[in-house]
Amino acid sequence: MFKIIVLAALGLCAFTGQAMALSCSVPRLLENGTTADASKVMDNFNAVIDCINAIPAASPAGALSVTLNGDQSVPDSVYTPVQFNSVAVDTQSAYSPSTGHYTPTVPGKYLVCTGINGYVATALTTVSVTIKKDGTAMQVASTAGPNQISRSATAVACAVVPLNGATDWVEIDAYVQGTGGSNHIDSSTGGNGLTWFTAAFLGS
């Protein structure tokens, strides 16, 4: 049984060593057809365990889902960062509700999508949303509101954004234009999130 455990551990180390570009070796030579010295077996077993423990832990795949809980007031016709304050999923703990920045810790390409519901008191002209990387617009989408008819509308945008996994961040900015004042971003209706932001790791 002990021999089986050692051989299984050696096989695991060899496999994971290839995958992780690690080099594993054992200090004692055990020959077929001879009685194994328990101390030599233990030396080899401990060496295998040390090798397995040296394999870096995998970073969690990036997934984010946040919404706006409570309406956010915005100036008329001014792009304003949205501060999503309800976090449903954040596998890397990479989103800051205080800044509205998503700064993932794993480098690669991310699919970023967002929907913004804008509202004004009288007549809505335009609702726009911008996906920004490090302050630079990556994608812009707009929805025109029919004047004198509608007071709210939703703009939706998606973009594939490359992020370095260290300093790069993503921000969502909203723009609401209309008449009557009380410009704001709607949070929810009937329990359904009207303003949301998601991101998912696609790969390197």
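The values are calculated or read from the model by the stated rules, or taken from the named source; none is laboratory data. The structure presented is a predicted model; accordingly, all values stated were derived computationally and were not measured. Here the Cβ positions follow ideal geometry from the backbone for every residue, glycine too, while neighbour counts run over all protein chains shown.
Structure notes:
- Residues in segment 70-93 that are assigned to a loop (DSSP other than H, G, I, E, B) and over 18 Å from TYR175 (Cα atoms): ASN85, THR91, GLN92, SER93.
- Residue among SER65, SER59, SER25 that is at pLDDT 70 or above and closer than 26 Å to ASP90 by Cβ: SER65
- Selection of segment 76-102 for residues being of a type in the set (Val, Ile, Thr) and surrounded by fewer than 19 Cβ atoms within 10 Å (Cβ to Cβ) yields VAL78, THR80, VAL87, VAL89, THR91, THR99.
- Some residue of segment 148-161 being out of contact with any Cys (no Cβ under 8 Å at 6 or more places or on another chain), modelled with pLDDT of 90 or more and loosely packed, with under 14 Cβ neighbours inside 10 Å: yes
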